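The values are calculated or read from the model by the stated rules, or taken from the named source; none is laboratory data. Predicted, not measured: the structure shown is a model, and the values here were computed from it. Virtual Cβ from ideal backbone geometry, glycine too; neighbours counted across all protein chains shown. When the accessible area is computed, the model is the full protein with side chains, heavy atoms only, and any ligands, DNA or RNA have been set aside. Shrake-Rupley method; radii C 1.70, N 1.55, O 1.52, S 1.80 Å.
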Amino acid sequence: MSHSADMNMSALISELERDEGVRLSAYRCTAGFLTIGVGRNLDTNKLTADELAFVGHDGRKKPITKSQSDYLLKNDIEKVCAELLKFLPWWAYLGDVRKRVLVNMAFNLGTAGLLKFTNTLALIRSGSYAQAAAEMVKSKWAKQVGKRADRLANMMKTGEVADD
């Protein structure tokens, strides 16, 4: 079982939609990948058979609906949660807000990219949230994503969501 049920899913979905955007037609992201919905990379994360059946096409040439985007997003969240549970089993024991921070980062960087934050992850695991937040904002990733990194670092530090 993934531990997405232990998170405030509506808050996570809102955060991801704000940070990734919602695009119903495929586009090339800043890294050059064909992307649709809420950050779904169609080049590395093709639609599954169930998703193809639900959407009716591969999303590459025709737009999708908001409900189809929502369906893909929920599947992507489940996938990321399963990966976090596999590679960072202690993730399951974090509080809701800090759990969502790692899901959000994995969404943006890919789980493999997130796992490269070895010092930050060790600090989070040990409960050194302020130090982990400081490491987050010093990263190359933070320079690339700007306010998103500041917001996520603050959420990691405090365990709470501050208004923008």
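Please turn the phi angles of the range 121-135 into ³J(HN,Hα) values with the Karplus equation 6.51 cos²θ - 1.76 cosθ + 1.60 (θ = phi - 60°), one per residue in order, whole Hz, x for glycine and proline.
Computed from phi, the couplings for the range 121-135 are 5, 5, 5, 4, 4, 7, x, 8, 5, 5, 5, 4, 4, 4, 5 Hz.
Spelling out what I want: for every residue of the range 83-96, take phi, set θ = phi - 60°, compute 6.51 cos²θ - 1.76 cosθ + 1.60 (Karplus), and round to whole Hz; glycine and proline get x.
Whole-Hz 3J(HN,Hα) from phi for the range 83-96: 5, 4, 5, 5, 8, 10, x, 5, 3, 4, 9, 6, x, 3.
Modelled label-to-label distance, residue 14 and residue 119, 7 Å Cα→beta-carbon offset: nm?
It is 3.4 nm.
Quick one: helix 9-20 against the long Cα principal axis of the chain, what's the angle to the nearest 10°, folded into 0 to 90?
Tilt of helix 9-20: around 80 degrees.
Which three extents, in angstrom, do the Cα atoms of the range 90-164 have along their principal axes, listed largest first?
29, 29, 20
In Å², what does the accessible area per residue of the range 1-122 work out to with a 1.4 Å probe?
Working: 5980 Å² over 122 residues.
Result: 49 Å² of accessible area for each residue.
Heavy atoms only, probe 1.4 Å: what % of the accessible area of the range 1-133 goes to carbon and sulfur, would you let me know? Let's see the in-between values first.
Working: 3570 of 6560 Å².
Result for the range 1-133: 54 percent of the exposed heavy-atom area is carbon or sulfur.
Could you list the square roots of 5 times each eigenvalue of the Cα gyration tensor of the range 42-100, that is, the equivalent ellipsoid semi-axes, sorted largest first and rounded to whole Å? Let's see the in-between values first.
Details: eigenvalues 157, 30, 15 Å².
Here the semi-axes work out to 28, 12, 9 Å.
Mind pulling the per residue volume of the convex hull built on the Cα atoms of the chain? Å³ is fine. Can you show the working numbers first?
Details: hull volume 17.9 nm³, N = 164.
With only Cα atoms used, the chain gives 109 Å³ per residue.
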